[in-house]
Structure formats: structure tokens, C-alpha cells
Amino acid sequence: MKSFLADESADSMLVFLIASSVLVFGVMFTILTYSFNAPIAAMNDLISSGMLSVDTTENFTTMLNMWKASPFFMLIGLILFCYERSKGTTSLSSGTFFEYMFLMMISLVISAYLVYGYGMALDSMTLQFEQIPFFTDVSPVWDTTAERSLVVSVLYYACMLPGFLGSILFMLHPILRQTENSFLPSDDESDEYVTDYQMQQF
């Protein structure tokens, strides 16, 4: 007789998975949400003093909105996981689900802090250079504002990339894993051919 906790093919395991995932995600989401209080307070002070750029503010707000939307990402990933498991597939384990869930949460937090650190450093250096006339009094021929803005935007998107990738991978990992398994050759296949012979042939 299979154990209830060890038999991941049982339908009742999905109930345990749903309850534990909601509990674990809820606790981690609450704890990590409080970790954003310090950078939010620091950025509000810099915004009020005019020392923070619009790009940093908008991109950090984007990551905060992504973090706020992470419960919906978790719900989508959970629904897809339960759907794939309900079809009788055993290649998706509950451990894989929790690994991808933690990956999504960690990548979102990392991206938010990367945007925060990169934006703070960039705005601080830019503010120092703007106070030097040698760097500000430039002829229109040598104006590279558009190119500099493009490079800054690309670096911001590079900071946000882990959060986007982590969220997409978590939501789609049940489908992606099933697609990978469908292209793998079966162990039962072989290159040997067996021919049925009749006694009359001898």
C-alpha cells in the first residue's frame, strides 16, 4: 500500500500541495514585503529633495507592481501545475513546483534591489557631473543625450530581466516540462527488429 505523503500520483496530494503552497507563499510574501520599506522610504526622501531621476522612480515602481502582482502569478502557476498533474503525469513533482516558486520570489526581490542600487548610484554620479560646467557646457554637435538615454534604459531593463524571467518560468514551467518530456526518446525503444516466423517457413 502506497503512503499518502509519498504517493505524488494520488489526487489527494494536490489538496496538500495547494494548501502548503498558499501558506508558504503567504508567509514569504508578507515577510519580504516588509523588506521594501527601507528602500521606499529612502527613495521618497530623495524624490522630495529632487535628487532622484524619473527613470529610477518609474522602473522601481514597475518592480514593486510586479511584486504586488506575484500572488496572481502564483495562482496561475498553481492552476497550470494542478491541470498538468490531473492528466496523470508524474514527471512534475511538488518539489519542482516549490523550487520554481522560490525562484520567482527571489528573482523579483533581486530585480527590485538591482534597480534600486543601480538607480541610486547612477543618479548620484549624474548629479555630481551636472555640477561641473566642463561636462554640461557642450556644443550641440557633441550632444549624446539620446544615446546616453538608450544605454541607461537598456541597463535598467537588464536589472529587471531576472524578475520577468523568474515570473514567466514559474507560471509556464508545468507546460515547459511536459514539452521537454514529450521530445525525449522512450527507454522502451530499441534498434533491434523482431520478425515473427511461421513453422511452415522451415
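The values are calculated or read from the model by the stated rules, or taken from the named source; none is laboratory data. Remember, predicted model here, so these are calculated numbers, not experimental data. Cβ coordinates were reconstructed from backbone atoms using ideal geometry, including for glycine residues, and neighbour counts include every protein chain displayed.
Things worth noting here:
- Taken over the range 63-106, the criterion of being buried (at least 21 other Cβ atoms within 10 Å of the Cβ) and among the small types (G, A, S) is satisfied by S70, G77.
- Residues being touching a residue at least 12 places away in the same chain (Cβ under 8 Å), within 23 Å of Y157 (Cβ to Cβ) and of a type in the set (K, R) - total across the range 48-96: 0
- Neighbours by Cβ (under 6 Å, 6+ apart or cross-chain): first from the range 107-120, under 10 Å from T56 (Cβ atoms); second among the β-branched types (V, I, T) and in a helix (DSSP H, G or I): G119/T56
- Matching entry among T61, T90 (being of a type in the set (S, T, N, Q), out of contact with any helix residue (DSSP H, G or I) (no Cβ under 8 Å at 6 or more places or on another chain) and at pLDDT 90 or above): T61
- Of all the numbered requirements in (1) closer than 28 Å to L161 by Cβ; (2) modelled with pLDDT under 90; (3) of a type in the set (F, W, Y), F98 misses one, and that requirement is (2).
- Residue match in the range 115-136 (condition: surrounded by 15 or more Cβ atoms within 10 Å (Cβ to Cβ), at pLDDT 90 or above and either assigned to a loop (DSSP other than H, G, I, E, B) or not polar (S, T, N, Q) (or both)): yes
- Residue selected from the range 11-33 under the condition part of a helix (DSSP H, G or I) and in contact with a Ser or Thr (Cβ under 9 Å, 6 or more places away or on another chain), by the criterion farthest from M66 (Cα to Cα): M13
- Boolean, T96 is assigned to a helix (DSSP H, G or I), over 18 Å from L172 (Cβ atoms) and among the hydroxyl-bearing types (S, T, Y): no
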